[in-house]
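**Student:** One structure, as structure tokens, below. Some questions next.
The values are calculated or read from the model by the stated rules, or taken from the named source; none is laboratory data. Keep in mind the model is a prediction, meaning the values are calculated, not measured. Don't worry about glycine lacking a Cβ; one is built from the backbone with ideal geometry, like all the others, and counts go over all protein chains shown.
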Amino acid sequence: MLTATQSSSDLALIRALLPAVLEAGNRILAIREAGHAVELKADSTPVTEADRAAEAIILAALAALAPGLPVIAEEEAAAGRLPPVGADFVLVDPLDGTKEFVAGNADFTVNVGLARNGRAVAGIVHAPASGLLWFGAVGEGAWRVGEGRFHAAEPIAVREPLEDVLDIVASRSHRNAATDTFLARFAGSRIVSAGSSLKFVAVAEGRADLYPRLGPTSQWDTAAGDAVLRAAGGRVLRLDGTDLTYGPLPGAVGAKAFLNPSFVATGPLDPFAA
């Protein structure tokens with residue numbers, strides 16, 4: 001069995017979790033094919049059988065591979081089951097982009113991220129609809145694979161901006177006035193809308209330069225994509241220029257203890273430079 005401290009590296013734990021993440025993705029696709037009901041949680045966000053089934057698969061794998069490692073998972077959190085966390089813990093979003101999934105779009109992902117001392121240090125992002133999967137660990141690298149072909153993993157890395165015109169990815173479902181104000185600073189840039197953590201990996205593999213999110217997210221929404229991007233040489237910054245961090249917020253309770261502030265994901269570009 002592996003834990004974050006017993007494994008030779010964070011990457012070893014992430015690699016051991018890859019089959020479970022793919023299984024979760026396949027289960028999501030099977031449920032989509034069979035048809036499913038949509039419920040609303042207390043916060044009015046949608047949830048489906050696919051969210052719960054995928055989460056169960058990943059939690060079982062983590063319990064076997066890393067017993068004792070705390071896990072903050074979206075549907076467990078919605079049910080009020082939030083274990084105390086220490087320096088190391090895992091964040092799971094079993095179906096990021098449920099709105100996209102319900103709408104019949106392809107921009108939904110399975111996300112598992114490892115946090116240590118407040119930073120995202122390793123993660124997996126899987127896009128079931130395309131079969132693509134991205135994984136990585138800070139200091140060890142980041143990779144993309146297709147259809148589970150782990151032997152043919154391709155290294156990925158952020159890029160230097162190619163020209164004065166930037167490529168920026170923005171949320172399809174959550175773009176707001178604050179985001180538009182931020183984007184106005186980059187006149188003439190190409191803006192592409194996308195869902196889920198696919199925006200992080202677009203920056204991580206050098207297809208985009210920036211991803212701003214000026215609005216609320218939960219830490220399980222971002223940890224996996226954040227880790228893959230950092231492993232690929234990028235950064236995820238709060239609006240004051242400091243790193244996005246992970247862990248319960250002082251004074252907050254329940255799922256609200258794991259909310260993020262606004263942030264910008266970037267490669268080498270400084271998004272706040274004059």
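**Student:** Take Arg119 and tell me if it is surrounded by fewer than 21 Cβ atoms within 10 Å (Cβ to Cβ), within 19 Å of the chain's Cα centre (by Cα), touching a residue at least 24 places away in the same chain (Cβ under 8 Å) and closer than 30 Å to Ala87 by Cβ.
**Tutor:** Judged against the criteria, Arg119 is a match.
So that you can scan it fast, the table gives a plain yes or no per residue for (1) closer than 20 Å to Ser193 by Cβ; (2) modelled with pLDDT of 95 or more; (3) surrounded by fewer than 18 Cβ atoms within 10 Å (Cβ to Cβ):
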{"site": "Ala87", "(1), (2), (3)": "no, yes, yes"}
{"site": "Ala106", "(1), (2), (3)": "yes, no, yes"}
{"site": "Ala115", "(1), (2), (3)": "no, yes, no"}
{"site": "Gly123", "(1), (2), (3)": "no, yes, no"}
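**Student:** Part of a loop (DSSP other than H, G, I, E, B) and either modelled with pLDDT of 90 or more or under 25 Å from Leu114 (Cβ atoms) (or both): which single residue out of Gly247, Gly225 fits that description?
**Tutor:** After applying the criteria, what remains is Gly247.
**Student:** Hey, another quick one. Being closer than 19 Å to Leu237 by Cα, touching a Lys or Arg at 6+ places or on another chain (Cβ under 7 Å) and surrounded by fewer than 20 Cβ atoms within 10 Å (Cβ to Cβ) is the filter here, so list the residues in the range 175-215 that pass it.
**Tutor:** Gly206
**Student:** Related question: Which ones in the range 28-48 are surrounded by 18 or more Cβ atoms within 10 Å (Cβ to Cβ) and out of contact with any Pro (no Cβ under 9 Å at 6 or more places or on another chain)?
**Tutor:** Within the range 28-48, Ile31, Val47, Thr48 meet the criteria.
**Student:** While we're on this one: For Ala137, state whether it is more than 30 Å from Leu183 (Cβ to Cβ), buried (at least 20 other Cβ atoms within 10 Å of the Cβ), in the same structural domain as Arg27 (by TED's automatic domain parsing) and in contact (Cβ under 8 Å) with a residue 60 or more places away in the chain.
**Tutor:** Yes; evaluated as a whole, the condition is true for this residue.
**Student:** Tell me which of these Ala157 doesn't satisfy, since it passes every other one: (1) touching a residue at least 60 places away in the same chain (Cβ under 8 Å); (2) of a type in the set (Gly, Ala, Ser); (3) closer than 22 Å to Leu22 by Cβ.
**Tutor:** All conditions are met except number (3).
**Student:** Which of (1) crowded, with 19+ Cβ neighbours inside 10 Å; (2) of a type outside the set (Ser, Thr, Tyr); (3) assigned by TED's automatic domain parsing to the domain that holds Asn26 is the odd one out, the single condition Gly146 does not satisfy?
**Tutor:** (1)
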